[in-house]
Amino acid sequence: MSSVESLQEQLSQSDPSPSPNSCSSFELIDMDAGSLYEPVSPHWFYCKIIDSKETWIPFNSEDSQQLEEAYSSGKDCNGRVVPTDGGRYDVHLGERMRYAVYWDELASEVRRCTWFYKGDKDNKYVPYSESFSQVLEETYMLAVTLDEWKKKLESPNREIIILHNPKLMVHYQPVAGSDEWGSTPTEQGRPRTVKRGVENISVDIHCGEPLQIDHLVFVVHGIGPACDLRFRSIVQCVNDFRSVSLNLLQTHFKKAQENQQIGRVEFLPVNWHSPLHSTGVDVDLQRITLPSINRLRHFTNDTILDVFFYNSPTYCQTIVDTVASEMNRIYKLFLQRNPDFKGGVSIAGHSLGSLILFDILTNQKDSLGDTDSKKDSPDIVMDHGDTLTLEEDLKKLQLSEFFSIFEKEKVDKEALALCTDRDLQEMGIPLGPRKKILNYFRTRKNSMGINRLTLQSASGANMSNLSKESEFCSGTAGNDQHLDVGIGQVSVEYPRLIYKPEIFFAFGSPIGMFLTVRGLKRIDPNYKFPTCKGFFNIYHPN
């Protein structure tokens, strides 16, 4: 290839005017013929394993251009990192590898592609390696410049590529067994088509996504590792959300987008199944799983058992900790990578994921900015001599309408503190307000105990534990451990989110069923999450 390399050096400059120092071989070349050659336009691809098969997928046009500019900048590629796919993946240029930013995923190979051949069983084109593509390009340049075709090359895999003319280039695979006799590969079998340049192969190359992100949505999956009937992962399903969202921008908000009035919505997946099943519980389950109907038992252990895990205090704590910490971690990382982001955050949950989010949101503090001394102390009034009247206490609890009943029964604060649930029931106080009142006065009386229900979170007590234990709880710290959270769930310490979600979307949610089996009869129509403004429960009418 030395002659090809020397000719390439002579032809590498596309300036039609030869320099005075040009060698004689260059002067002999017909300049009209030489002008026919144009360097190939590279496009960047990455390799994904789909159905156990390598598939090469093109970067969108903006990302490919960014990668090419970084490659052509003349700087050392080692250590160069180029964010792609809206900032969800980083390409390490020197390694030629692509890494996911926000979730765990196998790294994928990246390639600067110029020459392609058609694959075996489908019509998708496969790029040659960068080094062999360069050899093909040099040979092609020589053939075009000298107008000498029928060029034959042998690839590193002993495959034969023949350039018959600019429009007919073929690729022959080596014949099995020929190597045993030391013979050279020959052109046998059905040839594959060879194409130069990405514009000559049938592949969809999308435009890039809008740079501006207006809103961030975290999506939490339900039971099992698969998220739909096609057994796709949470990452693949969220990719669909994002694609649909970008299509809607084009169809419904095209003018606003063209005028750069809007950006886009970013969807990011939150995975809790993998951390839960990496606790070693799967090994324990395997020990008690019968070998019969193996596939059904495996499917059950992988999916339906997640519901039982969530009703177990031990694993429920693992699940809520994982979901909250993942959403907090991703949010911090997102802000680091998007320092100009000024938009809101929403969360979406599918199936059991929506129940997990419902429980976490129900147990948030009602303020992120205020100090704990103000917000988290139920006995703060008592510290100042407990100067509030009964009417003011009821107003704090948003129960002012019941003051007239207590006034009629001549019940003051001291008398109310001695009342039982049955006493309040006989006065005609509904269940939700009874729970608020009892919990409020119990916490005042046991100011040194664990302050599980605060004045501010009392609005959530409409959904308090309806079990017999909580109705007749003595108010000690030990029993308060099992009062928990206002929704009848097992005793769990709910972590705090570092942001206030704007909207909570529940898809195909079992929240109603779970609240019912926890013993809840109804939810107060005025109930709202302490930190989340809106709630959409989205379900199919059938």
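In terms of its C-alpha gyration tensor, the stretch 202-242 comes out oblate, because a/c is 1.5 or above while a/b does not outweigh b/c. What's the extension gain from ASN200 to LEU418 if we count 0.36 nm per residue and subtract their Cα-Cα distance? Contour length minus Cα-Cα distance gives 70.0 nm. Between ILE288 and SER312, the modelled label-to-label distance comes to 0.8 nm, taking each label 7 Å out from Cα in the direction of the beta carbon.
Among 252-262, 428-438, 45-55, the peptide with the highest mean count of other Cβ atoms within 10 Å heads the list, and the full ranking is 428-438, 45-55, 252-262. Rolled with a 1.4 Å probe across the full set of protein chains, the surface gives MET427 an accessible area near 40 Å². For the stretch 489-540, the square roots a ≥ b ≥ c of the C-alpha gyration tensor eigenvalues yield an a/c of 1.5 or more together with a/b not exceeding b/c, which makes the shape oblate. For ARG112, the shell of other residues with beta-carbons less than 9 Å away shows a net charge of 0, using +1 for Lys and Arg and -1 for Asp and Glu.
The calculated FRET efficiency for the pair ASP228 and ASN165, based on their C-beta separation and a Förster distance of 45 Å, comes to about 0.40. Kindly state, to the nearest 0.05, the FRET efficiency for ASN542 paired with ASN239, given R0 = 30 Å and r defined as their beta-carbon distance. With a Förster radius of 30 Å, E is 0.65. The mean sequence distance of close C-alpha pairs (under 8 Å, at least 6 residues apart), as a share of the length of the stretch 242-337, puts its relative contact order at 28 percent. According to the calculation over all Cα-Cα pairs in the stretch 245-353, the P(r) per 5 Å bin from zero is 2, 9, 15, 15, 13, 12, 10, 8, 7, 5, 3, 1, 0 %.
Checked against a 24 Å cut-off, the cross-linked pairs LYS332/LYS528; LYS396/LYS435; LYS75/LYS151; LYS255/LYS332; LYS395/LYS435; LYS48/LYS121 give Cα-Cα distances beyond that limit for LYS332/LYS528; LYS75/LYS151; LYS255/LYS332. The stretch between SER129 and ARG522, if pulled fully straight at 0.36 nm per residue, gains 135.0 nm over its current Cα-Cα span.
The modelled label-to-label distance for the pair ARG158/GLU95, using points 7 Å beyond Cα in the direction of Cβ, is 3.4 nm.
Sites listed here are trypsin sites (Lys or Arg not before Pro) in the stretch 278-367 whose DSSP assignment is loop and whose Cβ has at most 12 other Cβ atoms within 10 Å: LYS342. Can you tell me how the stretch 302-349 classifies by the Cα gyration tensor, rounded, prolate or oblate, using a/c under 1.5 as the rounded cut? Here the stretch 302-349 falls in the prolate category.
Each part reduced to its alpha carbon centroid, the stretch 228-262 and the stretch 95-133 end up 25 Å apart.
The values are calculated or read from the model by the stated rules, or taken from the named source; none is laboratory data. No experiment lies behind these values; they were computed from the predicted model shown. Cβ atoms come from the backbone with ideal geometry, glycine included; neighbour counts cover every protein chain shown. For the accessible areas, the whole protein counts, side chains as well, though only heavy atoms, and no ligand, DNA or RNA atoms are used. Shrake-Rupley method; radii C 1.70, N 1.55, O 1.52, S 1.80 Å.
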